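Visitor: This is the structure I have questions about; it appears just below.
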Amino acid sequence: MKILIDNGHGADTPGKRSPDGVLREYLWNRQIAARIVTALADLGHDARLLVPEEEDIPLSERCRRVNALCRAVGKENVILVSIHCNAAGMGDRWYDVTGWSAYTSHGNTQADELATCLYDAARFHLPGQRLITDYTDGDPDLEAEFYILRHTLSASVLVENFFMDSLRDCAFLLSESGQTSIVNLHVDGICRFLASNA
């Protein structure tokens, strides 16, 4: 299985930071994505960054890269996890929000199974933290028409790792313990998915 980890946004993306400017989403995403790829590779998995560049790569190009790999090895042999931080507002002030969530496209696809594995891992690695869920279709993930979910051939999940405009969440995101928990939940969730599809 080819595992693609997408670190959303780039150094030139406007906004996308905590209200105090300490957490810059593009950089946080890249650090976490790199650690996930390294941990998966250390376990013997074929994992790679979708976007090694520092600048913001358009969503159309990100999807082209995913789909080129899908066409080369078969879409059933590729998964994508897109790493993000959530925001309640426009970065102008702090909000009283919290929570971790994962999104898939609408409908029942293999991405739902991947997202469920990530939620199972999140329950283990994020004890006491709020997980944002929607069980109306029988599984915990939220559904949205995000471009990278709609325009990729692989099983694709977009993860929102807490809120960068929440003081509580931002402190967690910037802490080594928080980052380690988030890396571990992604690695564990992906490994659970791979084991169930071996």
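Visitor: Over the chain, what is the relative contact order in whole percent, taking alpha-carbon pairs under 8 Å and six or more residues apart?
Guide: Relative contact order here is 28 percent.
Visitor: Could you give the distance between the Cα centres of the range 170-187 and the range 88-111, to the whole Å?
Guide: Taking the Cα centre of the range 88-111 as reference, the centre of the range 170-187 is 17 Å away.
Visitor: Let me make sure I get this right: for the range 1-72, a, b and c are the square roots of the gyration tensor eigenvalues over alpha carbons, sorted descending. Under 1.5 in a/c it's rounded, otherwise prolate if a/b > b/c, else oblate. Which is it? If you can, show how the numbers build up before the last one.
Guide: Details: a/c = 3.68, a/b = 1.44, b/c = 2.55.
Here the range 1-72 falls in the oblate category.
Visitor: Pull out a ≥ b ≥ c, the square roots of the eigenvalues of the alpha-carbon gyration tensor of the range 58-147, then state rounded if a/c is under 1.5, prolate if not and a/b is larger than b/c, and oblate in the remaining case.
Guide: It comes out oblate by the Cα gyration axes.
Visitor: 222 nm [θ] for the chain, helices only, -39500 (n - 2.57) per DSSP H run of 4+, per residue, to 500?
Guide: -13500 deg cm²/dmol
Visitor: In the set (1) 17.4; (2) 18.7; (3) 16.7, which value of Kirkwood radius over Cα pairs in Å was calculated from the structure you see?
Guide: (3)
Visitor: I need the calculated FRET efficiency for the pair ALA72 and ASP42, taking r as the beta carbon distance and R₀ as 22 Å, to the nearest 0.05.
Guide: Computed FRET efficiency for ALA72 and ASP42 comes out at 0.35.
Visitor: Would you mind getting me the FRET efficiency between GLU55 and ALA195? Use the beta-carbon distance for r and R0 = 45 Å, nearest 0.05. Walk me through the numbers before you get to the answer.
Guide: On the way: r = 36 Å, r/R0 = 0.80.
Calculated transfer efficiency: 0.80.
Visitor: Using the Kyte-Doolittle scale, which helices in the chain average at least 0.0 and also have C-alpha atoms spread 15 Å or more along the helix axis, with helices defined as whole DSSP H runs? Mind dumping the intermediate values first?
Guide: On the way: long enough: 25-42 (25 Å, 0.12); 59-73 (21 Å, -0.08); 110-125 (23 Å, -0.23); 176-196 (30 Å, 0.31).
Helices meeting the span and hydropathy rule in the chain are 25-42, 176-196.
Visitor: Give me the percent relative contact order of the range 41-125, please, defined on Cα pairs under 8 angstrom at least 6 residues apart.
Guide: With pairs under 8 Å counted, the relative contact order is 12 percent.
Values quoted throughout were computed directly from the atomic coordinates according to the rules given, and no laboratory measurement underlies them. Remember, it's a predicted structure, so these values are computed and weren't measured experimentally. Cβ atoms come from the backbone with ideal geometry, glycine included; neighbour counts cover every protein chain shown.
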